[in-house]
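Report on one structure; see the data block that follows.
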Amino acid sequence: MCGIFGIEGREDAANHVYLGLYALQHRGQESTGIVAWDGARIGLERGMGHVAEVFPAEVIARLAGRRALGHTRYSTSGSSVVENAQPIVVTTSMGPIGIVHNGNLTNALTLRKRLEAEGSIFQTTSDTEVILHLMARNPRAELVDSLIVALTEVEGAYSLLVITAQGLIAVRDPHGFRPLAMARLAGPNGIATCFGSESCAFDLLGAELERELEPGEVVLVDGTERRSYRIPVAGTPRRCAFEHVYFARPDSVVFGDPVGEVRRRLGAQLAREAPAAADIVVPVPDSGLFAALGYSRESGLPFEFGMTRNHYVGRTFIEPRQSIRNFGVKVKLNPVRALIRGKRVVLIDDSIVRGTTSRKIVGMMREAGAAEVHLRISSPPTAWPCYYGIDTPRRSELIAAQKSLEEIRAFVEADSLAYLSVDGLLASLSGPRASYCTACWTGDYAVPIAGEDRRQAELFPAESDLP
Ligand code: AMP
């Protein structure tokens with residue numbers, strides 16, 4: 001997963017992007033980069049690590065101009081190299097282009113093989129570069145038209161920002177898998193336009209959220225002039241429901257719904273579907289916090305901060321090796337023994353992927369003296385890999401694809417276990433049910449993945465990179 005942010009029409013644009021990326025750091029911690037257009041050239045700075053590490057003031061100062069965009073990247077170990085850090089910048093017959101991408105293309109490898117056979121030379125192993133090659137082969141008088149032609153060939157999930165001499169371009173794929181919103185930032189010299197993965201980035205800058213891009217929409221901004229285009233490809237909206245369950249920040253508004261509020265509704269629904277005879281409700285911080293609040297209010301059971309999180313440790317899931325992941329949970333989470341001892345605990349988390357975290361946490365509760373541990377999960381069983389940008393492992397590693405509910409309960413050593421139903425989840429979101437992607441729970445893939453791309457995804461499902 002990744003976070004993207006851009007701004008058009010503000011002095012010191014790179015500094016604003018830096019702040020926007022800071023607010024989107026939760027969407028990717030591995031590498032980050034910013035490009036800025038100063039009216040004559042595109043400047044690029046990128047590196048491995050967090051936004052604050054890669055961009056000390058002197059590095060930001062090298063990026064002049066009123067137009068800039070940036071990226072925070074999340075990926076697994078195999079592709080963790082600076083060459084794959086975005087933005088990707090190229091020079092074409094239409095001028096320089098810099099691009100950032102959140103999502104995952106499902107036909108990138110097929111396209112890449114074709115382009116290579118026709119003579120293209122790729123600089124990175126990232127799927128995003130395919131879009132640039134398709135553009136370079138289809139030059140148009142207006143660069144945005146060349147981009148739209150390229151996008152009629154790519155499939156899958158993409159929210160994009162593109163910087164060019166002609167303007168800043170924002171794109172959401174025809175299914176709108178990943179979020180992308182637009183905001184206005186008032187300043188002494190007029191209104192600037194911002195684009196970002198989540199609205200929490202606008203809050204930090206004091207920008208006002210205007211709207212999300214529509215699925216299939218392309219917006220070009222040059223100064224204060226804005227134009228909207230459509231990708232001429234049919235597609236019904238399939239917005240990623242997992243953004244609401246886990247990925248987005250609770251203070252963001254995503255797909256028109258406030259994320260924290262949705263999580264509370266998920267928790268309340270879970271309490272209705274799967275009540276437990278218990279004394280306290282304890283969230284797994286931070287992923288289970290809001291759902292636990294909802295569960296507590298609906299069930300009437302008291303909410304307790306029965307577990308503390310060390311905030312100076314990265315997300316457990318990022319560690320690629322099983323041995324480190326096991327250790328990581330303990331480094332990150334510790335029970336508050338005085339609250340747990342002798343209690344029947346309802347433990348709330350957002351999801352179970354491999355089961356490693358849940359098993360550790362249930363064990364911690366028992367070691368802390370819990371009388372019973374009832375595990376409740378505020379989403380349905382994750383049984384299918386995501387091909388649209390969420391890092392889920394292959395099916396053989398997804399515990400819900402391999403074991404029954406009772407077997408999972410036994411594996412995590414809980415007294416009882418229940419997940420939220422797909423219906424209950426969709427009822428907690430304000431949009432029409434069919435407008436959400438639920439593939440990771442149902443296997444219902446709106447965009448199929450075939451051929452080389454499918455083989456690659458099955459070998460390295462958590463990587464959006466090509467070999
Ligand atoms: P596991 O130990 O594999 O079952 O990991 C489950 C934990 O990872 C849950 O507590 C989730 O909050 C978190 N999680 C779920 N999906 C993801 C993801 N795609 N990226 C990072 N963390 C995740």
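Scanning the stretch 122-177 for residues that are more than 26 Å from GLY9 (Cβ to Cβ), polar (S, T, N, Q) and not in a loop (DSSP other than H, G, I, E, B) yields a count of 1. Considering THR124, THR106, THR91, the condition of being in contact (Cβ under 8 Å) with a residue 12 or more places away in the chain, of a type in the set (Val, Ile, Thr) and more than 16 Å from MET48 (Cα to Cα) is satisfied by THR106 alone. Filtering the stretch 294-311 to residues that are within 16 Å of the ligand (Cβ to nearest atom) and open to solvent by 30 Å² or more (accessible area, probe 1.4 Å) leaves THR308, ARG309, ASN310, HIS311.
The listed residues are GLY206, GLY223, GLY196, GLY167, and the only one of them that is open to solvent by less than 10 Å² (accessible area, probe 1.4 Å) and at positive phi turns out to be GLY167.
Number of residues in the stretch 271-292 that are open to solvent by 50 Å² or more (accessible area, probe 1.4 Å), in a helix (DSSP H, G or I) and either more than 15 Å from the ligand (Cβ to nearest atom) or touching a strand residue (DSSP E or B) at 6+ places or on another chain (Cβ under 6 Å) (or both) equals 2. Within the stretch 70-85, if we keep just the residues that are open to solvent by less than 10 Å² (accessible area, probe 1.4 Å) and away from the ligand (no atom under 16 Å from the Cβ), the residue that is nearest to VAL59 (Cα to Cα) turns out to be GLY70. In the set PRO275, PRO237, which member is within 26 Å of CYS2 (Cα to Cα) and either at pLDDT 95 or above or out of contact with any Leu (no Cβ under 6 Å at 6 or more places or on another chain) (or both)? Of PRO275, PRO237, the one residue that is within 26 Å of CYS2 (Cα to Cα) and either at pLDDT 95 or above or out of contact with any Leu (no Cβ under 6 Å at 6 or more places or on another chain) (or both) is PRO237. Residue count for the stretch 1-33 under the criterion of being open to solvent by less than 30 Å² (accessible area, probe 1.4 Å), touching a helix residue (DSSP H, G or I) at 6+ places or on another chain (Cβ under 8 Å), assigned to a loop (DSSP other than H, G, I, E, B) and at pLDDT 95 or above: the result is 1. Filtering the stretch 362-399 to residues that are over 17 Å from LEU270 (Cβ atoms) and near the ligand (Cβ under 10 Å from one of its atoms) leaves CYS386, GLY389, ILE390, ASP391, THR392, PRO393, GLU397, LEU398, ILE399. If the condition is being open to solvent by 10 Å² or more (accessible area, probe 1.4 Å) and either outside the structural domain of PRO275 (by TED's automatic domain parsing) or of a type in the set (A, V, I, L, M, F, W, C) (or both), then the stretch 328-372 contributes VAL331, VAL336, ALA338, LEU339, VAL353, MET364, ALA370, ALA371. Would the stretch 102-115 turn up any residue that is within 16 Å of the ligand (Cβ to nearest atom), open to solvent by 10 Å² or more (accessible area, probe 1.4 Å) and not acidic (Asp, Glu)? Checking the stretch 102-115: at least one residue is within 16 Å of the ligand (Cβ to nearest atom), open to solvent by 10 Å² or more (accessible area, probe 1.4 Å) and not acidic (Asp, Glu).
The values are calculated or read from the model by the stated rules, or taken from the named source; none is laboratory data. Treat the numbers as computed from the prediction; the structure is a model and nothing was measured. All Cβ positions, even for glycine, are placed from backbone atoms using ideal geometry, and neighbour counts span all protein chains on display. Only protein heavy atoms, including side chains, enter the accessible area calculation; ligands, DNA and RNA are left aside. Shrake-Rupley method; radii C 1.70, N 1.55, O 1.52, S 1.80 Å.
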